Amino acid sequence: MKTRVLIVDDEKEFTEALAERLNIRDYDVTTSLSGEEAVEKVKSFNFDVVILDVAMPGMDGIETLRAIKNIKPLIEVIMLTGHATVESAIEGMKVGAYDYLKKPCETEELAFKIDKACEKKAEHEARIREAKVKEFISSPRAALGDK
């Protein structure tokens with residue numbers, strides 16, 4: 001199954017070029033040109049990783065990150081910016097970003113980070129499934145065969 005990636009950046013040409021480079025590497029890529037649009041897409045679709053620009057008009061990257069993590073906490077988010085600052089990097093990591101890269105970044109480096117972020121998400125999902133199975137097995141109702 002292909003890794004599902006959402007690219008969020010207000011620069012249309014950059015977004016299209018990055019989407020093309022990731023599609024060539026066999027990712028299932030969706031794009032969004034604003035934080036607000038990205039949040040709506042996250043509500044409607046299941047993404048593994050979001051590539052998110054920090055500096056956008058309207059809802060900026062940090063606000064968008066907070067909203068995404070509130071809706072679907074297991075989605076991993078890689079922050080991208082051409083205006084990297086230590087403060088925004090620290091803030092993004094505090095809010096739950098998986099990693100932080102400065103634009104322009106090498107496609108291979110980004111693909112590596114996407115793969116690692118996807119692995120982390122899959123590990124979290126597996127632990128949650130295991131916990132739910134253990135909880136079900138140990139519940140008194142399961143022992144009695146009740147539903």
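General remarks:
- Looking across segment 48-62, not a single residue is surrounded by fewer than 21 Cβ atoms within 10 Å (Cβ to Cβ) and closer than 17 Å to Lys121 by Cβ.
- Number of the exception - Tyr100 against (1) more than 17 Å from Thr15 (Cβ to Cβ); (2) out of contact with any Gly (no Cβ under 7 Å at 6 or more places or on another chain); (3) not aliphatic (A, V, I, L, M): (2)
- Scan of segment 95-104 for residues that are within 19 Å of Ser32 (Cβ to Cβ), in a loop (DSSP other than H, G, I, E, B) and not small (Gly, Ala, Ser), ordered by number: Tyr98, Lys103
- Residue check for Ile24: buried (at least 18 other Cβ atoms within 10 Å of the Cβ), at pLDDT 95 or above and of a type outside the set (S, T, N, Q): no
- Residue in segment 65-101 that is surrounded by the fewest Cβ atoms within 10 Å (Cβ to Cβ), counting only those that are in contact with a Leu (Cβ under 9 Å, 6 or more places away or on another chain) and under 20 Å from Glu125 (Cα atoms): Gly96
- Taking first residues from segment 120-141 that are farther than 21 Å from Ala97 by Cβ and partners that are assigned to a helix (DSSP H, G or I), the Cβ contacts under 7 Å between residues at least 6 apart in sequence or on separate chains come to Phe136/Ala142.
- Some residue of segment 102-114 being among the polar types (S, T, N, Q) and surrounded by 12 or more Cβ atoms within 10 Å (Cβ to Cβ): yes
- Selection of first residues in segment 91-110 that are over 9 Å from Met79 (Cβ atoms) and of second residues that are aliphatic (A, V, I, L, M) and assigned to a helix (DSSP H, G or I), restricted to Cβ pairs under 6 Å at least 6 apart or on distinct chains, gives the following pairs, ordered by first then second residue: Glu91/Ile62; Val95/Leu65.
- Of the helices (runs of 4 or more DSSP H) lying entirely inside segment 1-94, those containing at least 3 residues that are over 21 Å from Ala111 (Cα atoms) span 35-44, 61-71.
The values are calculated or read from the model by the stated rules, or taken from the named source; none is laboratory data. As the structure is a computational prediction, the values presented were derived from the model and not from experiment. Here the Cβ is made from the backbone with ideal geometry for all residues, glycine too, and neighbour counts use every protein chain on show.
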